[in-house]
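**Student:** I'd like to ask some things about the structure below.
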Amino acid sequence: MPPAPLPENEGQRLKALHALDILDTPPEERFDRLTRVARRLFDTPIALMSLVD
């Protein structure tokens, strides 16, 4: 399977993510809280939040 093409603004997107300093960070309670809400709301055993860089 060929890799997905990169968007034209990939450099800008990565620059913005790095500027926000949210990649490869330790767990944060606020994100854990969001996943707990999603789990209850959608009645699923697992919920996750993924930020793709």
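**Student:** In region 2-22, what residues are assigned to a loop (DSSP other than H, G, I, E, B), on the phi < 0 side of the Ramachandran plot and of a type in the set (D, E, K, R)?
**Tutor:** Selection gives GLU8 alone.
**Student:** Now, a different point. Report whether or not THR44 is of a type in the set (Ser, Thr, Tyr), out of contact with any helix residue (DSSP H, G or I) (no Cβ under 9 Å at 6 or more places or on another chain) and without any contact (Cβ under 8 Å) to a residue 40 or more places away in the chain.
**Tutor:** no
**Student:** What's the number of the condition VAL37 fails, among (1) among the hydrophobic types (A, V, I, L, M, F, W, C); (2) modelled with pLDDT under 95; (3) out of contact with any Leu (no Cβ under 9 Å at 6 or more places or on another chain)?
**Tutor:** (2)
The values are calculated or read from the model by the stated rules, or taken from the named source; none is laboratory data. Keep in mind it's a predicted model, so treat the numbers as computed, not measured. Cβ coordinates were reconstructed from backbone atoms using ideal geometry, including for glycine residues, and neighbour counts include every protein chain displayed.
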